[in-house]
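Here's the structure, in structure tokens; my notes come after.
The values are calculated or read from the model by the stated rules, or taken from the named source; none is laboratory data. Keep in mind the model is a prediction, meaning the values are calculated, not measured. Every residue, glycine as well, gets a Cβ built from its backbone with ideal geometry; the counts of neighbours run over all protein chains shown. Accessible surface areas use protein heavy atoms only, side chains included; no ligands, DNA or RNA. Shrake-Rupley method; radii C 1.70, N 1.55, O 1.52, S 1.80 Å.
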Amino acid sequence: PLSDKIGRKPVAVAGLAGYVVMFAGFLFANNIMMANILAFVGGAMTSLFDGSMNPALFEMYPENKSTASVLGKTFISVSSILYPLFVAFLATNSMSAEIGIWLPFILSILVFLGSVFAPFPDLDLQKSEGLKPAQAIKELANRQAPPVAADSASSNSSSRAKFIIDGTVLSLFALSIYSNFYLFQQASKIYAQNVLAMDSTAAAAVTSWYQFGGLVATIFFSFLMARGIRDISILVISPIFAGLAGLAVFFFPSPTVLTFAGIVVGFCSAGGLLQMGNGVLNQFFTSNKGFNRSEER
């Protein structure tokens, strides 16, 4: 709601500024309390950034919301593949852990500066037509909304009923798919080390293979949608295979099965499905798009 009221850019810039503060603070943190406070700041700033950039992305590409959102996941996947390997490399070679903080700190500064100078659709409309931020966002929504049929008034009640069902199902989908891939991302390394007795480098590689599966999925799903495959079909089928991969790890615990399951879960669960579902859910929001957010950390 904040980005719907004051505009996308101020909220995005504030979130990125918080990232810079968080990583700078981690360079000087010397106790767990300070680390917890900085982690809280990072989580809050992620919500600010996500609550502004997702709707801004939809406003930049109104005809390709799902594809644009999934492609955004590609950049998340690339960094998520490389960073665990980078941290494992530091640990294996007994290098300073601060190097692992300096890298995201510098990248956050660069992205912050980029966002300061980047154009945003609502901001462009504010400048060209002298509108207030909330007015510009509503005007964008009106201009980008699909044509309304003549008999739309008679179908309003039906549309509301459909939203109650579909919106609830999509929200539950977000809960289940996020818990699926996020749990795997957080637990796979611990499981690999404590249960399967894999070393730290091999355990970190499982996370990177998981992210690689997500990266391949973003490219593959974008290709399918460009060929006319409906995003809702992908949302229905993919989680089934992600669930089967999780069961395989449970019944057949081994490094090979865990690594393979990581690729499958990454492909079928983390590969932009949350963003794709967010794009579908966004179709219900002709205004107040800031309410429709998909958290991704």
> Taking the highest mean first, how do the peptides 47-58, 106-117, 11-22 order by number of other beta carbon atoms within 10 angstrom per residue?
Replying inline: 47-58, 11-22, 106-117
> Among rounded, prolate and oblate, which fits region 1-107 when a ≥ b ≥ c are the square roots of the eigenvalues of its C-alpha gyration tensor, a/c under 1.5 means rounded, and a/b larger than b/c means prolate?
Replying inline: oblate
> Can you tell me the accessible area per residue over region 1-150, all protein chains present, probe 1.4 angstrom, in square angstrom?
Replying inline: 55 Å²
>> Probe radius 1.4 Å, ligands and nucleic acids ignored: give me the carbon and sulfur share of the accessible area of region 1-98 as a rounded percent.
In response: 74 percent
>> 7 Å from Cα along Cα→Cβ at both Leu90 and Leu183: what's the point-to-point distance in nm?
In response: 3.0 nm
